[in-house]
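A short write-up of the structure that comes next.
The values are calculated or read from the model by the stated rules, or taken from the named source; none is laboratory data. Fair warning: this is a prediction, and the values are worked out from it, not measured in the lab. Every residue, glycine as well, gets a Cβ built from its backbone with ideal geometry; the counts of neighbours run over all protein chains shown.
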Ligand SMILES: Nc1ncnc2c1ncn2[C@@H]1O[C@H](COP(=O)(O)OP(=O)(O)OP(=O)(O)O)[C@@H](O)[C@H]1O
Ligand SMILES: [Mg+2]
């Protein structure tokens, strides 16, 4: 990408970094970005996302006046990040994830295959990374379209594409939209509500396979027509619930990517995808064609987990803080949930009166909405467990010490209850009750 007016941000950033006596590498490490990215910001080759501006200002510990200066400098460039993306990202802290952000950056500058698949267990932080990726994408000049699948939305043809394209279309001026829809008549199969703006479909019927091909062509043409300077970026969440025809469509988009500037960043729960599932087959095919990179975010490092927890709760008793951090095992969702519960006064140092915070008791004491959210995640983790060990251990049972030691290598897959009893007895009771 050419250097542009983005330099208006790069110059003060460089000045403040030097004033803080930091190298680009040091600033990057502290902010959780790659040194390449910081260098690009300073050279005016990248426009930072609003959340990035806040983070850099925090790390550089600039005065309120200088923070405002940075914010304005980022804004003055005119390549505004869409409000819905900017607002949500800016309000949240992102800890760690330097490796993942660097991979996203590589993806956006075209040094990687056209599809980036974020895979991981529930709560590991996939959606949060997608949010960041969307912000990055917008600042890198991509037209970003965001969407996600619903657990029971897979029945809708091509879900989640109709919702994703529909949301974009509804935010556009009719004339601009009409121009972008030229030659895309078959898009009516996805978005019947746009029929008035589309050319009429032929009156005769055609075989379903041909119709699917025409729909795919129309989507590709439309995404090409609405592209930003860099192209069109689809950011799609929860692909484990995507419909099979949507996955075929994504495959077609990936194959079209060398000709039409389209990129896809998708996230899915790998705990919910078994061999032979449509998504597993799609990813295998894309991998064979060299069209996908898989990125599996790890649990947060201890330092980052503590930073997130302390950002959310400032006055947790040290013993409770230590215990919750240990129990969360770097899974952001657990950290956030526990922090909410502590803030609501639902968790104390000794919730079950025995000196240890029993998991079931702790769950019972969580606010109702948090508990509702924890339960399916714990169930998904247990389903991973069952896949490894079969259905037999579903009822409580003891496992040999050696087996438990082996499992300890992947303790993040064990239910917290199992971990606690393992630690106490050297054998564990495997319980998948949720
Ligand atoms: N690196 C991070 N820094 C700060 N907060 C984070 C980070 N990663 C995730 N979170 C927060 O943790 C919570 C869970 O993350 P997220 O929703 O992204 O998980 P997920 O992997 O998408 O889960 P699911 O599979 O259930 O959709 C969210 O509140 C999110 O904002
Ligand atoms: Mg998610």
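List of remarks:
- Pairing each residue of the stretch 157-186 that is on the phi > 0 side of the Ramachandran plot with any residue that is part of a loop (DSSP other than H, G, I, E, B), provided the two are 6+ apart or on different chains, yields C-beta distances under 6 Å for 158/190.
- Considering residues of the stretch 17-76 that are in a loop (DSSP other than H, G, I, E, B) and at pLDDT 85 or above only, the residue nearest to residue 104 (Cα to Cα): 23
- The stretch 146-158, residues that are under 26 Å from residue 135 (Cα atoms) and touching a helix residue (DSSP H, G or I) at 6+ places or on another chain (Cβ under 6 Å): 146, 147, 149, 151, 158
- Count - residues of the stretch 237-279 that are closer than 24 Å to residue 209 by Cβ, within 16 Å of ligand 2 (Cβ to nearest atom) and touching a residue at least 60 places away in the same chain (Cβ under 8 Å): 2
- Residue that is surrounded by the most Cβ atoms within 10 Å (Cβ to Cβ) [pool: residues in the stretch 320-349 that are closer than 15 Å to residue 124 by Cα, free of Cβ contacts under 8 Å to residues at least 60 places away in the same chain and more than 16 Å from ligand 2 (Cβ to nearest atom)]: 338
- Residue in the stretch 211-220 that is modelled with pLDDT under 95 and part of a loop (DSSP other than H, G, I, E, B) present: no
- Subset of the stretch 98-109 that is touching a residue at least 60 places away in the same chain (Cβ under 8 Å) and within 24 Å of residue 252 (Cα to Cα) - its residue that is farthest from ligand 1 (Cβ to nearest atom): 109
- Selected residue [under 21 Å from residue 30 (Cα atoms) and at pLDDT 85 or above] from 129, 118, 145: 129
- Candidates in the stretch 135-171 are the residues that are within 13 Å of ligand 2 (Cβ to nearest atom) and not in a loop (DSSP other than H, G, I, E, B); of these, the one that is surrounded by the most Cβ atoms within 10 Å (Cβ to Cβ) is 146.
- Residue check for residue 251: buried (at least 17 other Cβ atoms within 10 Å of the Cβ) and modelled with pLDDT of 95 or more: yes
- Being in contact with a strand residue (DSSP E or B) (Cβ under 7 Å, 6 or more places away or on another chain), more than 12 Å from ligand 2 (Cβ to nearest atom), in the same structural domain as residue 249 (by TED's automatic domain parsing) and part of a loop (DSSP other than H, G, I, E, B) is a description that applies to residue 112.
- Filtered by the rule that a residue be away from ligand 1 (no atom under 12 Å from the Cβ) and over 11 Å from the mean Cα position of the chain (by Cα), the stretch 121-145 gives 135, 136, 137, 138, 139, 140, 141, 142, 143, 144, 145.
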